[in-house]
Amino acid sequence: MSYTKLDKEIEKYYKSNNMAFTYNSSTTTKEEQEKRLKEYNIIRDITVEKWKDEKKYKELISCAHGGWFSYEDFTKPLAEYFIKHNELLLLKVLCERDIRFKIEDTLKCLKRVKEDYPEITTEQMVSFNLKEYQKTNSYHPIGDLSNWRTKSLSLLNRYIELLKLTNDTDYLKMIASIHEKTSDLTIKKSDLKHIKHKLK
């Protein structure tokens, strides 16, 4: 896995600079742990920059897809790097995967809701109060649908903001259309054929 490779590279940096890579969390204070995390993140970023120079893009995208690091700390800076260097295919491969998965989960929930509640309207599903639902510990198919729809829209929103920094207007319009269809729950699986970019 690419994360394992990245972690080994980080460990190598620690050792080459005579720094201790591991520590005992039971004998260190919270402040020391926070300091070590900041240190680790700095060295991770140094290693990521090295991988960019070496064009290890597949490995970096794999790390992002693995969810090992936060969006703000890892995926967004990587996306902005691809935009800056006009690597739009890499940007698409980086960002499309999670969007596709979330929309697929939304579609599965939508199918189940329609089967369980044949009389329900799209307006009722779209206007479902997710915040109130999340305050309860109960499960409801419509709440599950609303949850996945919200996650899908959140990913699409931040992807659209990134795409506004590119000159790929046709692709941006297509993603905006997917956003609109996801929002009003008219999205179909066939719409996702447009977001399956891969690296050769």
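The values are calculated or read from the model by the stated rules, or taken from the named source; none is laboratory data. Because the structure is a prediction, the values reported are computed rather than measured. Neighbour counts run over all protein chains shown; Cβ positions are idealised from the backbone, glycine included. The protein model used for the area step is the full one, side chains on, heavy atoms only, and it has no ligands, DNA or RNA in it. Shrake-Rupley method; radii C 1.70, N 1.55, O 1.52, S 1.80 Å.
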Taking only C-alpha pairs under 8 Å that are 6+ residues apart, what is the relative contact order of segment 85-200 in percent?
-> 43 percent
Would you mind calculating the gained length between E72 and K15 on full extension (0.36 nm times residue separation, minus the Cα-Cα distance), in nm to one decimal?
-> 17.8 nm
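Can you give the accessible area per residue of segment 95-200, in Å², using a 1.4 Å probe?
Values: 6590 Å² over 106 residues.
So segment 95-200 comes to 62 Å² accessible per residue, rounded to a whole number.
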Mean Cβ count within 10 Å, highest first, over the residues of peptides 74-82, 41-49 | 74-82, 41-49
Labelled set (i) 0.98; (ii) 1.03; (iii) 1.06; Rg/Rh (Cα atoms, Kirkwood Rh) computed from this model equals the value at (iii)
Got a sec? Which residues in segment 75-100 would a label at Y3 touch, if it sits 7 Å along Cα→Cβ and we count backbone N under 18 Å?
-> 75-78, 94-95, 97-99
Using only the alpha carbons, work out the radius of gyration and Dmax of segment 81-200 in angstrom.
-> 15.8, 50
If you roll a 1.4 Å probe over segment 102-200 with all protein chains in place, what percent of the accessible area is carbon or sulfur?
-> 50 percent
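What value, in deg cm²/dmol to 500, does the helix sum -39500 (n - 2.57) over DSSP H runs of n ≥ 4 give at 222 nm once divided by the residues of the chain?
Details: 9 runs with 135 residues, N = 200.
Computed ellipticity for the chain at 222 nm equals -22000 deg cm²/dmol.
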